[in-house]
1. Return yes when A:Met532 is surrounded by fewer than 19 Cβ atoms within 10 Å (Cβ to Cβ) and not basic (Lys, Arg) and no when it is not.
2. Being surrounded by 14 or more Cβ atoms within 10 Å (Cβ to Cβ) and facing another protein chain (nearest Cβ under 7 Å) is the filter here; which residues of segment A:298-309 pass it?
3. Failed condition for A:Val477, given (1) over 30 Å from A:Leu143 (Cβ atoms); (2) part of a loop (DSSP other than H, G, I, E, B), with all others met?
4. Confirm whether B:Ala39 is out of contact with any Ser or Thr (no Cβ under 9 Å at 6 or more places or on another chain), within 14 Å of chain A (Cβ to nearest Cβ) and part of a helix (DSSP H, G or I).
5. Would you confirm whether any residue within segment A:120-132 is part of a loop (DSSP other than H, G, I, E, B) and closer than 28 Å to A:Leu398 by Cβ?
6. Anything in segment A:577-617 that is β-branched (Val, Ile, Thr) and touching a residue at least 40 places away in the same chain (Cβ under 8 Å)? List them, or say none.
7. I'd like to check something: does segment A:232-240 contain any residue that is more than 14 Å from chain B (Cβ to nearest Cβ), modelled with pLDDT under 95 and out of contact with any Cys (no Cβ under 7 Å at 6 or more places or on another chain)?
8. Only residues that are over 12 Å from A:Glu530 (Cα atoms) and among the hydrophobic types (A, V, I, L, M, F, W, C): list them for segment A:490-503, please.
Amino acid sequence: MSNAATQNKGFAAVLWDYLTTVDHKKIGKLYLYAGGLFFLLGGLEAMIIRIQLIKPENNFISAGLYNEMITMHGTTMIFLAAMPLLLGLMNAIMPLQIGARDVAFPFLNSLGFWMFLFGGIMLNVSWFTGGAPDSGWTAYAPLSTQSPGHGVDYYVMGLQLSGAGTLMGGINFLVTIVNMRAPGMTYMRMPLFTWTTFVVSILILFAFPALTVGLFLLMFDRMFGAAFFDVALGGNSIIWQHLFWIFGHPEVYILILPAFGLFSDIFSTFSKKRLFGYTAMVFATILIAFLGFMVWAHHMFTVGMGPVANSIFAIATMAIAVPTGIKIFNWLLTLWGGSITINSAMLWSLGFIPSFTLGGMTGVMVAAAVADYQYHDTYFVVAHFHYVIVGGVVFGILAGLHYWWPKIFGRILHEGMGKLTFWTFFIGFHLTFFIQHFLGLMGMPRRYWVFLEDQGLDTGNLISTIGAFFMAFGVIVFLINAIYTAVKGEKAPADPWDGRTLEWAISSPPPHYNFKQLPLVRGLDPLWIEKMEGKGKMTPAEPLGDIHMPNGSIIPFVMSLGFFIASFGFIYQTNYDIAYIFLFGGMAIGLGSMLVRSLKDDHGYHITKEELEREAD
Amino acid sequence: MANNTNTGNPDTFHKQKHKDEMIKQLITFVLMIVFTIIAFVVVLTGMDKFFAIPLLLLLAVVQVGFQFYYFMHMKDKGHEMPSLMIYGGIGAAIVTVLALTLIIWW
């Protein structure tokens, strides 16, 4: 069955396969495709922003469109590109790393993906229906409550859908890691990427409800005449900022921690050394997650919370530099004395250390509440968060993609093009954002459509735009690389990098049941232990037997489609009564699918022992 | 914990255990209803606020405890991780609310 899957199937059959799949590896690929597409969209928006700012008082796009661009760039990159790309890597790799045959809830996994995708489509539909959201990716009230048209409504409904999807993904990963580790895989033997997936899932579980609540309040304010954020009617517009950042700050750790995890795996693999300070790395991760909940108000120093609050949040924020520093030093010490291989995955990881450290340094600067009055809402902050998010998360995603591409797609990315991508993107990134620190310090404010000439901002902005083109070039080379690899790339062996963790113990790409027999884990870096003891492959922990597999299902797709349609109903019921048909119709489809799912027993199927024996190793 | 419907096996030990468990569940259930009735009575009789509010809060806490430990089986073995998560979540929420009420003045 698994072999037949790769042999000439019609397009419709492949499409149906992916629409109904509950296999974590295929869902991982879907996340990567969709996230990649949104990454390109967000990148296009970024290019338009940079072209608008190439010279003083430029007229490339109108002021209103510029607001829509910056809003959609931020929202798309955070929610629809970075998160899904990371979720895709987690989905594809984490179950392999713990020696599981799938995630705990395959159906929920598929539902999470489709909810995310429909949420993303929802947001982008707004371009064609009279204007995208234009109140910034943070959608601060009262700007967002008073924004005319339906743009912000699309923001609310789109993020609500995709947020629900992410929440499902987080819960699913938690249960998977708690319950489905292979025999011998104790918590303190899990690879760092699995550890960070685990901690990130906790963050998702605790942080996303705050966003959900905030979005619901905004939804009621905009669509049903409530006044949660309307000061004139006794509301409080600051509540939005608190709710948004109680979610939003953990969100940035949700983004960066998986990158930390995969860098740890990559450094250790390509240095041929056990990760230095494994235990310290694990506890630093947990500590970052814990502190991540105590610092949200540092985004609001200039709101006027008072000196006590500002001081406490400033100190709590600076405390985060400690576990992060532990991590940086542990990576350096992992490299120290290692037998280092430098390839594209390793280049991204090595490039990450100085880039991210710069972002962390400016992070401590903006964390100083007093100084932040100067930095707030200037390009200094823009430079800061692009250094951590591009220099940390995007570098991480690209490193992870180069590292795990063979495992996910069965082919090795072209090294030459990989290096070209790295160097152009790396140079372009620093060209774009390093100068923005100084633009900010010279007083250039964020989110402004134009700047005046002869204020010392002209050259800096020009350099920044040139850098953006370098980055775009790097991304295009990566795309060509991906297509080239898919067509005539080198077929990957099971273990192309001389790996240490369990995912390299099975073929690339893995069979749909992952492990024929669950492996016995005898320590940290289990595959490496077997290699060092001369065996080279994992010892099975169980006799060969029937494998229980879940059936595919179209219900997640239909359910998400239902809620997608209902969202349009919610948005347009303020103008047209006919929208109620969409509202109730969509809800009926969504809730009906839930009912079908609850009432219909689906026990899955078994791959028999005989079938497994027939398939060659 | 799996509910064994395998009646062909006269496992008296497990049968007794299930019976005990059922009795505990019933007792907890009855207690929960009694607590709820007490709460309503307290409010209906218009008791003094200084007495009523702490009493209601106390009853609420006990009910949450019953919910977690009996109905959601946190008293049983193998529930360390769910407990950790629940208490972690409660902790994060309390800290957040404390910060909002104590040090932020709006």
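1. Criteria met by A:Met532.
2. A:Met305, A:Ala309 - these are the residues of segment A:298-309 that are surrounded by 14 or more Cβ atoms within 10 Å (Cβ to Cβ) and facing another protein chain (nearest Cβ under 7 Å).
3. Answer for A:Val477: the failing condition is (2).
4. So B:Ala39 fails the test.
5. Yes, segment A:120-132 contains at least one residue that is part of a loop (DSSP other than H, G, I, E, B) and closer than 28 Å to A:Leu398 by Cβ.
6. Correct list: A:Val596, A:Ile607, A:Thr608.
7. Among the residues of segment A:232-240, at least one is more than 14 Å from chain B (Cβ to nearest Cβ), modelled with pLDDT under 95 and out of contact with any Cys (no Cβ under 7 Å at 6 or more places or on another chain), which makes the answer yes.
8. If the condition is that a residue be over 12 Å from A:Glu530 (Cα atoms) and among the hydrophobic types (A, V, I, L, M, F, W, C), then A:Ala492, A:Ala494, A:Trp497 are the ones that fit.
The values are calculated or read from the model by the stated rules, or taken from the named source; none is laboratory data. Just so we're clear, the structure is a prediction, and the values are computed from it rather than from any experiment. Note that we place each Cβ from the backbone using ideal geometry, even for glycine, and neighbour counts take in every protein chain shown.
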